[in-house]
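Let me begin by handing over the structure; questions about it come next.
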Amino acid sequence: MFCTQCGANNADNAAVCVQCGRNLQPGAGMPLPATGVVMPPGTAASGIAIQNYLVFAILATVLCCLPAGIPAIVYAAQVNGKLAQGDIAGAQKASDNAKMWCWISFGLGLAVTVGSVLLFMAGAITGLRPH
Amino acid sequence: MIKRFLMVEGANRWLVGAGALALVAGAITLRMFDPATAGFFPPCPVRYLTGWYCPGCGSLRAMHQLLEGNLRAAWAMNPLTVILLPFLTYGLASHALYEVRGRGLPRLFLPAVWIRALCAAIVLFGIARNLPLHAFQLLAPGGIVRP
């Protein structure tokens, strides 16, 4: 599980966070208020509680030019929505999905880039041949 | 297997290092060659397959112009990229710092509605630049500088 204070990855049965020492047992610490909260505990201090991968999702959409980035952004929104509701497990699930779509987009983008460079090189080589 | 590799202590630092190297290499390549004329830059798959502009079309050319210091030309290629780039840079730096020292940069927690609005804005921008109206075509790559 991920620490709700600093985001560090801990063993699922850990009692306290290995990184910041926060009590990880259920019911410990501040309960997340149900509504109207935009700042779950820890996000202000660390910037990352459960990663939503929004930066990578936008990069994938705008720079890889790939529609696969859109689901990544939608899942990123879901992460923050569920975090605000206090649904840590749901947020983690959405976070995993966002990450997966970022990787899909990145992989497709990489494939297109490599293919394009190979095609260019092939073109340059065949272009040198006399007809 | 990749997951196991990534869970090795310190693997994330290598990832950050590799990412930073790739960024610098990319920036140098973009500074040296203009994607508009160089020929070996990857075409946008969406544009290649469908003939339509996607929200990111022109982003490489925009970044080339930014690296040359031409903000106006960059804006003409892809205004969305120019607007988003500072935020993306900050976010990337925060992620990198988080992996290296365990703490990112201070960040705003964006409510889900904001992210959905941003997503909608990106999609609408992508649609608008394909509409056959002059005002919208100004949003297509190179549109604003076109006579």
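Look through B:68, B:99 and report the one residue that is without any contact (Cβ under 8 Å) to a residue 40 or more places away in the chain and among the acidic types (Asp, Glu).
B:68
Can you tell me which of B:105, B:110, B:85 is under 16 Å from the mean Cα position of the chain (by Cα) and either of a type outside the set (Gly, Ala, Ser) or part of a helix (DSSP H, G or I) (or both)?
Unique residue meeting the criteria: B:85.
Looking only at region B:7-61, filter to residues that are of a type in the set (Ser, Thr, Tyr) and facing chain A (nearest Cβ under 10 Å); which one of those is nearest to residue A:2 (Cα to Cα)?
B:59
Continuing with the same structure: Being modelled with pLDDT under 90, more than 9 Å from chain A (Cβ to nearest Cβ) and within 24 Å of residue A:108 (Cβ to Cβ) narrows it down to one residue among B:141, B:147; which is it?
B:141
If a residue has to be at pLDDT below 85 and among the hydroxyl-bearing types (Ser, Thr, Tyr) to count, how many in region B:11-49 make the cut?
2
While we're on this one: Which ones in region B:101-122 are among the aliphatic types (A, V, I, L, M) and either buried (at least 19 other Cβ atoms within 10 Å of the Cβ) or under 18 Å from residue B:88 (Cα atoms) (or both)?
Residues satisfying the conditions are B:105, B:108, B:110, B:112, B:115, B:117, B:118, B:120, B:121, B:122.
Tell me whether region B:74-86 contains one or more residues that are farther than 20 Å from residue B:18 by Cα and among the polar types (S, T, N, Q).
So far as region B:74-86 goes, yes, one or more of its residues are farther than 20 Å from residue B:18 by Cα and among the polar types (S, T, N, Q).
Listed here are the residues, each with its yes/no results for (1) more than 9 Å from chain B (Cβ to nearest Cβ); (2) in contact with a helix residue (DSSP H, G or I) (Cβ under 9 Å, 6 or more places away or on another chain).
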| site | (1), (2) |
| --- | --- |
| A:67 | no, yes |
| A:71 | yes, yes |
| A:75 | yes, yes |
| A:86 | yes, no |
| A:91 | yes, yes |
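The values are calculated or read from the model by the stated rules, or taken from the named source; none is laboratory data. Everything quoted here is computed from the prediction, not taken from an experiment. Neighbour counts are summed over all protein chains in view; Cβ atoms, including those assigned to glycine, are modelled from backbone coordinates with ideal geometry.
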